[in-house]
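Input: a single structure, listed below in structure tokens.
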Amino acid sequence: MSHFQSLVKRLKKQKRILKLILMGSGAVGKTSFLTVISTGKNLKSLADEGVLMPQEYQKTSISEGIIPKRTDLRDEDEENIIVTVYDLPGQKLNSVGHPLNILGDVILSNVDVIIFMFSVDNPPSFLSLNRWYEAYREKTPSFREKSESFPRLVLVMNKKDLVTNDEGKYRKTFEELDENALEIVNREGAPFDAYFKISCYTGEGITELIDYIILALKERDGE
């Protein structure tokens, strides 16, 4: 580890900063998740309040992906935690290839939690996560070389609300995706540390996922 990387890690601990990367195909809800944790409200509540209006899916640009977004979380002691989030574009970029290529080695080597997200209404997004994982491993050959615990890799299924909406249209798809995800996470030597099923629209599962992220920070800092 370089002197600069050691300095970054010390500063993160002193200021209670956690770095989070959101990975996954386009339209699975990565930016929606960022909106939910930033505002503390689910998408339905924001829409009901007129704060967030329904709109067509907008692709995340290179500039949006490379510039981190800051959001603050509170632990059970009401202490502030700064979360720096990199919301990566979900599609291949003509100028740089894989979206991970827009992030530098320093960012990738100092990340604390990586969320690999797929969605109920997009089964191919689950299959594409293998490419995301392989791209990450290729860019970080020393992955977990210094630590058996970090970064934490978290598998997340979004849009769980669709299971009960649309007259059960997605129930079978949900069950199949859930079974496959559990099989991967429970496999011996699996790269993923946890698996969550959430809905950014209703807020289901969001609290549990945030609690996990906060716990990861505390374990990183030896609390």
Is it the case that some residue within segment 165-185 is of a type in the set (S, T, N, Q), closer than 24 Å to S45 by Cα and at pLDDT 95 or above?
-> no
What are the pairs, 6+ residues apart or on separate chains, where a residue within segment 26-42 that is over 13 Å from K159 (Cβ atoms) has its Cβ under 8 Å from a residue that is surrounded by fewer than 18 Cβ atoms within 10 Å (Cβ to Cβ) and of a type in the set (D, E)?
-> K41/E49
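Can you find a residue that is in a loop (DSSP other than H, G, I, E, B), modelled with pLDDT of 60 or more, in contact with a Ser or Thr (Cβ under 9 Å, 6 or more places away or on another chain) and among the β-branched types (V, I, T) anywhere in segment 62-82?
Looking for residues that are in a loop (DSSP other than H, G, I, E, B), modelled with pLDDT of 60 or more, in contact with a Ser or Thr (Cβ under 9 Å, 6 or more places away or on another chain) and among the β-branched types (V, I, T), one finds none in segment 62-82, hence no.
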Yes or no: D87 in contact with an Asp or Glu (Cβ under 9 Å, 6 or more places away or on another chain), closer than 23 Å to R137 by Cβ and either of a type outside the set (A, V, I, L, M, F, W, C) or modelled with pLDDT of 60 or more (or both)?
-> yes
Does K13 satisfy being out of contact with any strand residue (DSSP E or B) (no Cβ under 9 Å at 6 or more places or on another chain), part of a loop (DSSP other than H, G, I, E, B) and either of a type in the set (K, R) or modelled with pLDDT of 90 or more (or both)?
-> no
Evaluate segment 37-50: report whether one residue or more is at pLDDT below 80 and part of a loop (DSSP other than H, G, I, E, B).
-> no
How many residues of segment 193-218 are in contact (Cβ under 8 Å) with a residue 40 or more places away in the chain, charged (D, E, K, R) and surrounded by fewer than 20 Cβ atoms within 10 Å (Cβ to Cβ)? The answer is 3
Index of the failed condition, T140 passing every other in (1) touching a Ser or Thr at 6+ places or on another chain (Cβ under 8 Å); (2) touching a residue at least 40 places away in the same chain (Cβ under 8 Å) = (2)
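The values are calculated or read from the model by the stated rules, or taken from the named source; none is laboratory data. Note that the structure is predicted; figures quoted are calculated from it, not measured. All Cβ positions, glycine included, derive from the backbone under ideal geometry; neighbour counts span all protein chains shown.
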